[in-house]
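Quick note: the coordinates plus some simple rules give every number you see, no bench work behind them. Remember, predicted model here, so these are calculated numbers, not experimental data. So basically every Cβ, Gly included, is an ideal-geometry build from the backbone, and we count neighbours across all protein chains shown.
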Amino acid sequence: MIQVKNLTKAYGPHLAVDNISFRVEEGEIVGFLGPNGAGKSTTMRILTCFMPATSGSATVAGYDVFTQSMEVRRRIGYLPEGNPIYPEMRVREFLNFRGKLRGMGRPEREAAIKRVTDRCWLGEFIDRPIGQLSKGMRQRVGLADALLHDPPVLILDEPTVGLDPTQIRETRKLISDLARRHTIILSSHILPEVEATCQRMIIIAGGKIRASGPISEVRERIKGVSRLIAEIKGPKAEVESAVRKISGVKTVDGAAVEGWNRLRIETDGHDVRENVAEVAAKNNWPLRELRLEVGSLEEYFVQITAEAMAERKRYTAAVA
Amino acid sequence: MAANTLATEGVTARERSSLQGSAPQTSDAASSQGSGGASAMVAMTQRELASLFYSPIAYVVGFIFLVVTGYIFVTDTLEPGSEASMRSLFEWMAYLLVFAVPILTMRSVAEEFSSGAIEMLMTAPVSDGAVILGKFFGTLLFYIALLATTIPHLILMTVYAQPIFSVVLVSYLGMILLGALFISVGLFASSCTRHQLLSAIIAIAILSLLTFGADRLAERGGTLAIRSFGAYVNILGHFSDFAKGILDTGSLIFFVSGTVFFLFLATKVLESRRWR
């Protein structure tokens, strides 16, 4: 449905998007994850035909975003970041205007407005000026606008930013409901958000794709960097060297806690809990804790983005 | 495919053909939604007109317009012995419009940029030309509504004198053409910047050059060529024909082509801003 190939966008010497490629299949819901300024919005703006890429290509529903821009725009519902909508207009007036802009006739428009206001819980606010609405309500108006022409593709830039927890939950649910009928790309700098709503994630930092794949797969990858925590009573040096001998163990870091040896064991990805228990039993060392500390996505995310920052710093230093 | 759809390799031939194959299917749905050209332009016109009626600035401009036209009418046209036409009123108004129109148009495009709403506009299936034309017609309609407030003066004039209606009609046509040209200059200035005040200043500068500046050039220019150039680009010179009731084809073409030229420039500027 969406295909991006070697896309690059430069603002002067600064590369906002640096040679990224990805595909999104029909009906998929994909999350763009990355810190602020990572290139998420720029990518979305290129996909929605707001700005042209410096190089590379992108197609939406088989149409090129640059040469067949009108066809692409008809098929996309876009919620821009910050959701800028005319404050002086009333909700109905705004949606009516947007429907007319999209060339919808009056009956079609009325039906569409009814549908999206129901969907986005806007019914009672329909005759209120947008300027008087709260940020969350305005966000819903933006979402209603994106859904107005029932587009096959939805591109949502930070759809839940500025919402309160209840609204966030409602919006996430709405997005999950929509996923059945639309192909969706959404961006966020909040990880649980992507975890909760998306099937697949693309982690972007410094304009490059750092990691991508189904959520479960990315999580699996993170398990590789997980640690084992064990608390064993016994002579410190002996315990540590015995554990270190287990195959698959990379490093062992011991500390004394209330007379116990608290070991942080890093492995090459193997689960060595059984072996640790065996070693303890064989030496008659009491064992009171043995658990796998799964690295959180958060940690992984921080690690990836830190790498990107360092890389950018090196690059700027090299240029200067 | 599902797990590795993010693969960075190129598309296979099969995928490409399936992508292209799916395109015509969906284009039927699109054509039922209209071309997006004319209806989008009408939508833009309505929205621009509505936003002018919402804007306090338009009311301020309207108020000043009414006060000044009323004052000029009473002190100048309504004096015994003066000409029974809209000429002196409209010639005064032309001066006023050099400043009033840029204030009407200054927010038009600039505000879309400063609020970020341009992003929603330019990602809808609307061409840049339709955006500019819609804004042009919306502002022109507002201007015509302002102009219509001089009709009571005309009625009052018929009570005391017999104005020649063909002359009056031509002078109104001149006012509309003048307004259209000024508005197109204003829209061009407004699409150049996101700052409303700057846009007003740019428009006033351009219009002053094409009126007062050109007038000065026509009078004081060094050579005949410079003087005749000054006389040609002087908007007020062309306008005074209309105000006198003379329908001159050359002046008509001047106004229409000038308007088209600045609307074209505005569209190109809007287009070019995507690249920045």
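Some points to look at:
- FRET E, pair B:ALA231, A:LYS114, Förster distance 56 Å, beta-carbon r, rounded to 0.05: 0.40
- Size of electric dipole in the protein assembly as shown: Cβ of Lys, Arg +1 and of Asp, Glu -1, about Cα centre, debye, nearest 20: 760 debye
- Net lengthening on full extension, B:TRP275/B:THR249 (0.36 nm per residue, minus Cα-Cα): 5.4 nm
- Lys/Arg +1, Asp/Glu -1 at C-beta; the protein assembly as shown dipole; positive extreme among A:ILE175, B:LEU197, B:PRO163: A:ILE175
- Among A:SER216, A:SER41, A:SER188, the largest mean-square fluctuation in a Gaussian network model of chain A, built with springs joining Cα atoms closer than 10 Å, belongs to A:SER216.
- With viscosity 1.306 mPa s and temperature 10 °C, the Kirkwood radius over alpha carbon pairs of region A:115-219 converts through Stokes-Einstein to a diffusion coefficient of 107 µm²/s.
- Simple label model, 7 Å out from Cα along Cβ direction - A:LYS135 to B:PHE264, nm: 4.6 nm
- Dipole magnitude of region A:241-309 about its Cα centre (Cβ charges: Lys, Arg +1; Asp, Glu -1), debye to nearest 20: 400 debye
- Summarising the label geometry, the points placed 7 Å from Cα in the beta-carbon direction at A:HIS270 and A:ARG227 lie 2.1 nm from one another.
- Selection from B:SER39, B:GLY213, B:ALA117, by position along the positive dipole direction of the protein assembly as shown (Cβ): B:ALA117
- Mean separation of Cα contacts under 8 Å, 6 or more apart, over the residue count of chain A: relative contact order %: 19 percent
- Residue among A:LEU186, A:LEU143, A:LEU178 with the largest mean-square fluctuation in a Gaussian network model of chain A, springs linking Cα atoms under 10 Å: A:LEU178
- Dipole of chain A [Lys/Arg +1, Asp/Glu -1 at C-beta], most positive-end residue of A:PRO151, A:GLY259, A:ALA38: A:PRO151
- Contact order normalised by residue count of chain B, Cα under 8 Å, 6+ apart, percent: 24 percent
- Nearest-0.05 FRET efficiency for A:LYS236 and A:ALA317, computed from C-beta distance (R0 51 Å): 0.70
- Ranking of A:ILE76, B:ILE64, B:ILE206 by count of other Cβ atoms within 10 Å, fewest first: B:ILE64, B:ILE206, A:ILE76
- Compactness check for the protein assembly as shown: Cα Rg over 2.2 N^0.38 Å is 1.33.
- Listed residues A:ARG210, A:ARG140, A:ARG106, most fluctuating in chain A (Gaussian network, C-alpha, under 10 Å): A:ARG106
- Taking the Cα centre of region A:71-219 as reference, the dipole from Cβ charges on Lys and Arg (+1) and Asp and Glu (-1) amounts to some 340 debye.
- Cα-based helix-to-principal-axis angle, A:135-147 vs chain A, degrees rounded to 10: 70 degrees
- Order of A:ASP118, A:ASP157, B:ASP128, A:ASP64 under a 10 Å beta carbon neighbour criterion, fewest first: A:ASP118, A:ASP64, B:ASP128, A:ASP157
- Dimensionless Rg/Rh of chain B - Kirkwood Rh, Rg from C-alpha atoms: 1.13
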